[in-house]
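Here is the structure we will look at.
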Amino acid sequence: MAIRRVLAVASGGGHWVQLQRLRPALEGHEVAFVTTHQGYADEAAPYRFHVVNDASRSRKLGLVLLAFRMLAILVRERPHVIISTGAAPGYLALRIGRLFGSRTIWIDSIANVEEMSLAGRLARRYADVWLTQWPHLETPEGPRFVGSVL
Amino acid sequence: MIFLTVGTQLPFDRLVRVVDEWAGKSGRDDVFAQIGPSQLQPKWLRYQTFVAPGEFAKHVAAATLVIAHAGMGSILYALELGKPIIVMPRRSELNEQRNNHQLATARRFRELGRIMVAMDEVELLSQLQCLQIPSSMPRIGRFATDEMLKSVRQLIEG
């Protein structure tokens with residue numbers, strides 16, 4: 001198995017909890033985590049850990065700042081693979097990471113039961129793999145369903 | 001101890017007020033609340049606006065019941081630690097959240113039989129008043145299923 005550099009990105013709260021439930025799938029690779037609060041550092045250990053500002057669609061300046069911050073992290077980490085369970089930080093990681101040639105994986109939050117999240121819909125064109133955690137949301141044009149974190 | 005949490009992003013005063021009122025009327029002094037970025041000053045709850053992630057897990061672990069907004073973080077923590085949880089969904093028309101996905105989340109997880117749901121304050125008060133806290137609850141595993149982990153690993157290594 002070739003060891004990959006994997007950047008795993010999730011906002012704090014439910015997005016982070018879901019990403020951590022997938023952690024065994026990352027083991028053995030060179031992993032770095034990105035999230036929106038320093039308090040998650042202990043959970044990220046022993047992997048590298050970056051904190052970014054928590055921006056959302058309604059605060060444009062925050063998003064611009066976040067984009068620059070994400071760019072800096074991507075330049076530093078140069079991941080082969082970027083995986084995210086959302087939300088805005090994940091979208092930006094995928095969008096910018098794609099430019100660097102990273103393989104990009106979006107796993108929409110399990111909270112989005114009736115439709116893909118906004119960030120997920122926006123991330124679609126930058127995602128090599130675009131997943132939902134609900135089988136009834138799967139369509140031939142995407143998203144795909146391969147399981148859930150539950 | 002009962003642990004009330006509204007998540008880190010936004011206040012959820014409608015939920016906090018109901019639980020505060022109930023705690024006062026039922027004479028409970030063992031409710032601890034994480035009330036988010038709120039101006040409220042509950043009378044009958046011990047409260048903090050924010051609880052660090054490590055502390056959050058400890059509060060859930062120490063609780064006999066979790067009352068929460070219908071956020072996935074709260075729900076997953078409760079399920080992982082085998083704690084009964086009652087959720088009340090945030091509503092976008094009340095500016096409690098940007099969209100109404102918590103309604104859908106709450107309904108679906110109630111259907112799966114994993115959580116209790118109160119759609120509004122009236123329902124919540126009524127559920128709290130007839131409260132019978134189960135002594136133990138099934139726990140979900142700490143990680144996703146082996147099948148899901150294998151699929152994700154293949155997608156990473158692919």
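The values are calculated or read from the model by the stated rules, or taken from the named source; none is laboratory data. On a predicted model such as this, the values are computed, not experimentally measured, just so you know. Every residue, glycine among them, receives a Cβ derived from its backbone with ideal geometry; neighbour counts consider all protein chains shown. Areas reflect the complete protein model, heavy atoms only, side chains present, ligands, DNA and RNA absent. Shrake-Rupley method; radii C 1.70, N 1.55, O 1.52, S 1.80 Å.
Annotations
Each row is one residue, and each column tells you yes or no for (1) buried (at least 20 other Cβ atoms within 10 Å of the Cβ); (2) modelled with pLDDT under 95; (3) in a strand (DSSP E or B).
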site	(1), (2), (3)
A:Trp16	yes, no, no
A:Leu65	no, yes, no
A:Arg69	no, no, no
A:Val75	no, no, no
A:Arg98	no, no, no
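- Lone unmet requirement of (1) within 13 Å of the chain's Cα centre (by Cα); (2) open to solvent by less than 10 Å² (accessible area, probe 1.4 Å); (3) hydrophobic (A, V, I, L, M, F, W, C); (4) within 12 Å of chain B (Cβ to nearest Cβ) for A:Val113: (1)
- Apart from one condition, B:Gly158 fits all of (1) in contact with a strand residue (DSSP E or B) (Cβ under 7 Å, 6 or more places away or on another chain); (2) open to solvent by 70 Å² or more (accessible area, probe 1.4 Å); the exception is (1).
- Residues that are at pLDDT below 95, farther than 13 Å from A:Leu7 by Cβ and not basic (Lys, Arg) are absent from the range A:129-136.
- Cβ-Cβ distances below 7 Å connect the following pairs, each with a first residue in the range B:81-107 that is over 15 Å from A:Glu114 (Cβ atoms), a second residue that is open to solvent by 50 Å² or more (accessible area, probe 1.4 Å) and assigned to a helix (DSSP H, G or I), and a separation of six or more residues or different chains: B:Leu81/B:Ala61; B:Ile86/B:Gln127.
- Criterion: open to solvent by 10 Å² or more (accessible area, probe 1.4 Å), outside any strand (DSSP E or B), of a type in the set (Lys, Arg) and in contact with a Leu (Cβ under 8 Å, 6 or more places away or on another chain) - qualifying residue of B:Lys83, B:Lys43: B:Lys83
- Scope the range B:105-132; condition open to solvent by less than 60 Å² (accessible area, probe 1.4 Å), away from chain A (no Cβ under 14 Å) and assigned to a loop (DSSP other than H, G, I, E, B); matching residues: B:Ala118, B:Met119, B:Asp120, B:Leu131
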